[in-house]
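Engineer: Could you have a look at this structure, given as structure tokens, before my questions?
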Amino acid sequence: VAVSVIYQQIDFVQSENLGYKKDNVIVFDRQQKLYDNLEVFLAEVNNLPGVESSSVIEDEVTDISGNTGVYAVQGQTSDEIPPRMYEAVVGYDFIETLSIEMSEGRPFSRKFSNEGSKIILNEMAVEILGITDPVGTIISWKRQDKEVIGVTKNFHGQSLYEEIKPMAILH
């Protein structure tokens, strides 16, 4: 019975659609020395044979834990407390590295300046916020105005046993 349960759990994790590519992905734990030389490290990793791309995320991809209710959508007023949104702080090429699908707009890019003033939402966040045309919308995120530049398809950023949460992706 125990072997059957373990097999079913492993099969569930391996076959569940996470919303991103999990195969052939290597994750390094954050270490200060590595973080201090991040751009050099990523450049060296990208030079390795077989490496397609690399990026960075502040949390773990499977445990995006930062969340906040300190935001407001420009033009919307409500006395209700806004629903909490998870926050993923990522580097360039994060969306491309994990093959996360964009439903509209674009990911962060070195081609554009001031990506720190931009924000990407997942489809769940767009739905929860009630935004009909998200790209170009301004969101006050922790008292800083951020322009929505894209919307990703929903992907798991927490346990598979939890529902997909509304998420903001920041650079």
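The values are calculated or read from the model by the stated rules, or taken from the named source; none is laboratory data. Bear in mind the structure is a predicted one, so any value in this text is a computation, not a measurement. Cβ sites come from the backbone with ideal geometry, for glycine too, and all protein chains shown count toward neighbours. In case anyone asks, the SASA skips ligands and DNA or RNA and just uses the protein heavy atoms, side chains included. Shrake-Rupley method; radii C 1.70, N 1.55, O 1.52, S 1.80 Å.
Engineer: Between a first residue in the stretch 30-41 that is within 12 Å of S55 (Cα to Cα) and a second residue that is basic (K, R) and surrounded by 10 or more Cβ atoms within 10 Å (Cβ to Cβ), which pairs have beta carbons less than 6 Å apart while being 6 or more apart in sequence or on different chains?
Structural biologist: none
Engineer: List the number of the failed condition for V90; all other conditions in (1) modelled with pLDDT under 75; (2) under 22 Å from E163 (Cβ atoms); (3) surrounded by 14 or more Cβ atoms within 10 Å (Cβ to Cβ) hold.
Structural biologist: (1)
Engineer: How many residues are within 14 Å of the chain's Cα centre (by Cα) and open to solvent by 40 Å² or more (accessible area, probe 1.4 Å) if we restrict to the stretch 104-126?
Structural biologist: 3
Engineer: Let me spell it out: the conditions are (1) open to solvent by 30 Å² or more (accessible area, probe 1.4 Å); (2) modelled with pLDDT of 75 or more, and Q76 meets all of them except one. Which number is the exception?
Structural biologist: Of (1) open to solvent by 30 Å² or more (accessible area, probe 1.4 Å); (2) modelled with pLDDT of 75 or more, only one is false for Q76: (2).
Engineer: Here is a further query. In the set E44, E52, which member is open to solvent by 40 Å² or more (accessible area, probe 1.4 Å), at pLDDT below 85 and not in a strand (DSSP E or B)? Full working, then the answer.
Structural biologist: Working: E44 fails: at pLDDT below 85.
Just one listed residue meets the conditions, E52.
Engineer: Next up: Could you tell me which numbered condition K165 fails, if it satisfies all but one of (1) open to solvent by 10 Å² or more (accessible area, probe 1.4 Å); (2) under 18 Å from E58 (Cβ atoms); (3) in contact with a Leu (Cβ under 8 Å, 6 or more places away or on another chain)?
Structural biologist: Against the list (1) open to solvent by 10 Å² or more (accessible area, probe 1.4 Å); (2) under 18 Å from E58 (Cβ atoms); (3) in contact with a Leu (Cβ under 8 Å, 6 or more places away or on another chain), K165 comes up short only on (3).
Engineer: Follow-up. Among the numbered conditions (1) at negative phi; (2) at pLDDT below 90; (3) open to solvent by 40 Å² or more (accessible area, probe 1.4 Å); (4) polar (S, T, N, Q), tell me where T97 comes up short.
Structural biologist: Only one criterion is unmet by T97, namely (3).
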